[in-house]
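Read-outs throughout are calculated quantities, based only on the coordinates presented, and are distinct from any laboratory measurement. Treat the numbers as computed from the prediction; the structure is a model and nothing was measured. Heads up, the Cβs are rebuilt from the backbone with ideal geometry, glycines too, and the neighbour counts pull from every protein chain shown.
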Amino acid sequence: MEGNFREDPDEVVERAGLDHVARIQAEWARERPDVDVSPQAVIGRLHRLGRLLTDRLDVVYAAHGLSEGEFDVLAALRRAGEPFERAPGELAAHTMVTTGAMTKRIDRLQRAGLVDRRRSAADGRGRVVALTPAGRALIDRAFTDHMRNERRLLDALDPAEAAELERLLTVWLGRVEPPTGTEGRGRGLPSGSARAS
């Protein structure tokens with residue numbers, strides 16, 4: 001297929017027959033007709049899609065010599081703006097990982113010359129993690145490629161489909177996720193494959 005031509009979604013589904021999730025649902029419906037398996041139609045497909053997206057996002061991180069977690073740390077520092085630094089606790093909160101896991105990530109990035117640990121430029125007392133010039137250059141290149149990759153993945157949907165999916169996911173996430181600032185810091189929550197890095 002060339003250009004932006006997209007197949008009709010109903011035709012794709014009809015031609016494909018039962019997908020992996022539908023087959024699982026059918027088996028459970030046969031074995032446990034007393035249980036409503038309809039939620040699998042959404043949750044199961046989101047779960048599979050999340051795994052597939054993660055695999056495709058990881059390819060770009062790896063092309064820049066980074067893991068997903070290391071990309072997260074560099075992205076959180078870059079988003080902070082000048083002087084591109086955050087306190088370790090703040091950094092952990094912005095990436096939703098435990099402080100222990102954060103320490104390991106920072107150690108690896110520091111050995112690679114991408115971050116430094118130093119005194120805060122703001123108050124001179126606290127310790128912060130800061131991007132080095134090499135770290136900033138790397139995350140700028142990696143982020144550009146990451147956004148191109150996400151655009152390519154999202155282009156499987158037409159603009160109207162993507163907008164409706166964004167609306168529905170925003171509503172659903174708003175009902176499930178705790179308000180900003182009340183997340184379970186230090187609980188090792190997964191940062192997710194399609195997160196906004």
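A few notes on this one:
- DSSP-loop trypsin sites (Lys or Arg not before Pro) across the stretch 42-136, with at most 14 other Cβ within 10 angstrom: Arg125
- Among 59-70, 166-177, the order from most to least packed when residues are scored by Cβ within 10 Å on average: 59-70, 166-177
- Summing charges over all other residues whose Cβ lies under 15 Å from the Cβ of Ala26, with Lys and Arg as +1 and Asp and Glu as -1, gives 0.
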